[in-house]
1. State the extension gain, in nm to one decimal, for the chain segment bounded by residue 175 and residue 37, taking 0.36 nm per residue of separation less the distance between their alpha-carbons.
2. Rounding to the nearest 10 and keeping the result within 0 to 90°, find how far the Cα-based axis of helix 160-169 lies from the longest principal axis of the chain.
3. How far is helix 224-236 tilted, in degrees, relative to the longest principal axis of the Cα atoms in the chain, given as a value from 0 to 90 rounded to the nearest 10?
4. Say we join alpha carbon atoms closer than 10 Å with springs in a Gaussian network model of the chain; which of 325, 165, 308 then has the biggest fluctuation?
5. Could you give the distance between the Cα centres of region 224-284 and region 1-72, to the whole Å?
6. Could you tell me the relative contact order of the chain? Use alpha-carbon pairs under 8 Å, at least six residues apart, and round to a whole percent.
7. What 222 nm value per residue comes from the helices of the chain, counting each DSSP H run with n ≥ 4 as -39,500 (n - 2.57) and dividing by all residues, nearest 500 deg cm²/dmol?
8. Would you mind telling me which residue in 334, 74, 121 has the biggest mean-square fluctuation in a Gaussian network model of the chain, where springs connect alpha carbons within a distance under 10 angstrom?
């Protein structure tokens, strides 16, 4: 039997894995809502949640939520952006931006990527040591760029409305800011390459509910070349490239693949399962983001089973190329999380049995 790492790599490379990889990621606000009722579900499905979930594993009443995830507690990140949230466990939004005026750009300095992350210190030697342990345990080692590493970073620094005007008017300062952000992120990418990761994950949200935030032409003008510059060193080093984006991104998924992405992460229902099959099946591994708006939080166990089965049949294949990830957010009840886990187990070997 393959290790998780071997199966993970084979699946992305279409080299006949033995099962469909799946991850269920529970948001801290969901833990805060359901607590031990949810933990009991997780303990029945350790293959999705790990062995850390056990009786007494978390002090729910005194849990220390991450920076920018603490209700009514503003947090200033290393870039000078001020974040705030109205709900414990849900990441907030930027309420103050440091580059609202372009005349501040020349004096603006990014945090040092050798030592400083967005929300805390970076420990590259520690990551290397951690990576050895992960691989020894038979799991894939993934390097994550901060969520919002480029396009969203521009909206954080400039403010969303300013940034949209910048892209629409082709502000000359925009190219300079993108170049500086690419150079910053290249340091992170190089560290991950040197650490021997299996995959570098690039993550930022490019879609709204109904369309891309930038037009496809704007994406190709600004983002696609920048992504290529960051992803090409990974490809040259033989390291896999993944890309996460929420929202309807159907019209730029093929552009992501052309930029260097080998594992795309589209959301299922807002992009359309049939659309995804028609446009990108076989061109890259699809790490499918399972619906978190209707079926999983509000559907029956039968609805959830039907959804997973349809996605496996339409997007999977014996050669691989399909992976699942499910984010669990309020008000999704524990019984629906259990139904999801049962469905993922039921169909994980659909193409090999």
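Throughout, read-outs are computed from the coordinates displayed, never taken from laboratory work. Being a predicted model, the structure only gives us computed values, none of them experimental. No Cβ is skipped: glycine too gets one built from the backbone with ideal geometry, and neighbour counts run over all protein chains shown.
1. Numbers: separation 138, 0.36 × 138 = 49.68 nm, distance 4.99 nm.
Roughly 44.7 nm would be gained on extension.
2. 70
3. Between helix and principal axis, roughly 60 degrees.
4. Residue with maximal mean-square fluctuation among 325, 165, 308: 165.
5. Spelled out, the Cα-based centre of one part sits 24 Å from the other.
6. Numbers: 605 pairs, mean separation 72.8, N = 353.
Once normalised by length, the contact order is 21 percent.
7. -12500 deg cm²/dmol
8. Of the options given, 121 has the highest mean-square fluctuation.
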